Amino acid sequence: MLFKKKAAVLIVALTLVIALSMPTASVNAYTPPAQIGEILTIGGVRYEVIGRGEGTRKVLISDYPDVDAKTVTLPTTINDGLYEWMVVGALSGAFKNCTTPKTFVIESNSNIDWYYMCPDAFINGSKQTIKVYPPDGEWNTLYKILEYYGPSPKFPPNYLVSIKPEYASFKNQTNSEDTLYVSVPAGTYTLNNTSNPGNGAELRVYSNTTLDLTGVTFKRDTTEAALKSHMISLGTTGLKMADGTVNAGKYNGGSNIQILNGTFDNGTKAGANNICRGSHLSNITIKGTTFKYLPDSPLTEGMTNSHCIELAGVKKFTIKSCKFYNNSNCFFNNEAIQIESCGSDPTAQTHTNVAAPLDDTQTSNVTITKCRFEGFNYGCGSNHLSVNDRYKNMKFTSNKFYGCQKYCICLYNYDKVTITKNQMYNCSTLILDPSDHKSTNVKSKKNKNKTK
């Protein structure tokens, strides 16, 4: 019995020796990509996975360390040692300590779609700029940046997996310092929307946004859809709201918006729509911008009667040091800057195409100063009115008018108007103030009629 036990132990021992002495097989274990919702930490930056699969691995920046650099170029791809991931955006709150004013650079070859950056910087009053370098004709990035900084966050459905409650509740601040700055490098670009070309191309700038277009020329695309659209809309003008209505009422359509410099070229095709429109807005500035509409043939009946800027139901709206060019082929009663009503009476409705909702919101405190107008029937103002409307505290100062065929400044039922230091060159008449809709408290002085 004892012999059998020893033999058994010996057999087991020999088996172990043999097993240990045999070479082990080398097996490369498969490591799958991180799962959706997982966090990758690379180079001190945390990325949240929002998509995975061969060729479709996508992450969002969820936590970015504070940096002292004034310009931050974000990565477009990252590599975790096994897989390459596309960086397609940044969550609100990802940049937690943006106390140093920064410019975030989006390169032309970037696949980054959209940003929600540095909300705490708004509170701190630190100026942040997003500098967009899209290639010519590819403006989806700029559209998305402006869109997702709208009245409330608008995250695409495929990104909902990464949205936290605190992000979804983030809203723009109301202080004038709490501003998103978007800068576009100098160059000439054709506005088109490659993601939805059937809707034409329209930049939309929401509240608390400054769009700096220094050295930039935007041209209108020549497709039929693009001709029917506006080149730029302010706030929620013309936008269908969640309750089915169009635009927000009163002065709730947008505020604290600046358009600085740049050129909007409406092209040469007769009947193109307005360049810029805005209604139900407050505290808006357009400064140093050039607007061109030079159709190569006269307008005919049924064509769109365009304006460079059309306003309705606004207050504290300033247009300063801008230039407006036309070639006198627009034979209808068009102004370079049309100031509209949001009147609810039928007369107003026949003259309004940007003013919805028609809730009798009044226009007041509009200043047009140091601008140049060439080749229009009317320079600026209103050539009709709503019987319920009263334009108040309007200022037209230090402007130059060239070749205006009818009137330089049109007043219909205005009150408290200042018209000073304007100059006319080969124009018909400075002021239209019809007797049946007479304006009150009009101060007109130091205006000059010149021939040049």
### Query
Counting just the residues of the range 361-414 that are of a type in the set (V, I, T) and surrounded by fewer than 21 Cβ atoms within 10 Å (Cβ to Cβ), which one comes out modelled with the lowest pLDDT?
V387
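Show me the strands (runs of 3 or more DSSP E) found entirely inside the range 399-441 where at least 1 residues are acidic (D, E). Walk me through how you get there before you give the answer.
Working: elements: 400-402, 407-410, 414-420, 423-425, 429-432.
In the range 399-441, the matching strands (runs of 3 or more DSSP E) lie at 414-420.
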#### Entry: Residue tally, condition under 21 Å from the mean Cα position of the chain (by Cα) and surrounded by fewer than 17 Cβ atoms within 10 Å (Cβ to Cβ), over the range 262-284
0
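Can you tell me which residue within the range 65-74, out of those that are farther than 19 Å from E38 by Cα and part of a loop (DSSP other than H, G, I, E, B), is nearest to the chain's Cα centre (by Cα)?
Top of the filtered list is L74.
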### Summary
Those residues of the range 212-244 which are closer than 14 Å to G267 by Cβ and either hydroxyl-bearing (S, T, Y) or touching a Cys at 6+ places or on another chain (Cβ under 8 Å) (or both) amount to T217, T222, T223, S229, H230, M231
## Note on the structure
Per the filter on the range 238-255, residues surrounded by 23 or more Cβ atoms within 10 Å (Cβ to Cβ) and at pLDDT 85 or above are G253, G254
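Okay, residues lined up against (1) of a type outside the set (G, A, S); (2) within 21 Å of A312 (Cβ to Cβ); (3) at pLDDT below 75:
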position: S195; (1), (2), (3): no, no, yes
position: R204; (1), (2), (3): yes, yes, no
position: G215; (1), (2), (3): no, no, no
position: T222; (1), (2), (3): yes, no, no
position: H230; (1), (2), (3): yes, yes, no
position: L234; (1), (2), (3): yes, yes, no
#### Entry: Residue pairs meeting the criteria (Cβ under 7 Å; at least 6 apart or on separate chains; first over 14 Å from Y47 (Cα atoms) and at pLDDT 65 or above, in the range 79-98; second part of a loop (DSSP other than H, G, I, E, B) and of a type in the set (V, I, T))
L82/T31
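The values are calculated or read from the model by the stated rules, or taken from the named source; none is laboratory data. Keep in mind the model is a prediction, meaning the values are calculated, not measured. Ideal geometry is used to build each Cβ from the backbone, glycine not excepted, and the neighbour counts take in all protein chains shown.
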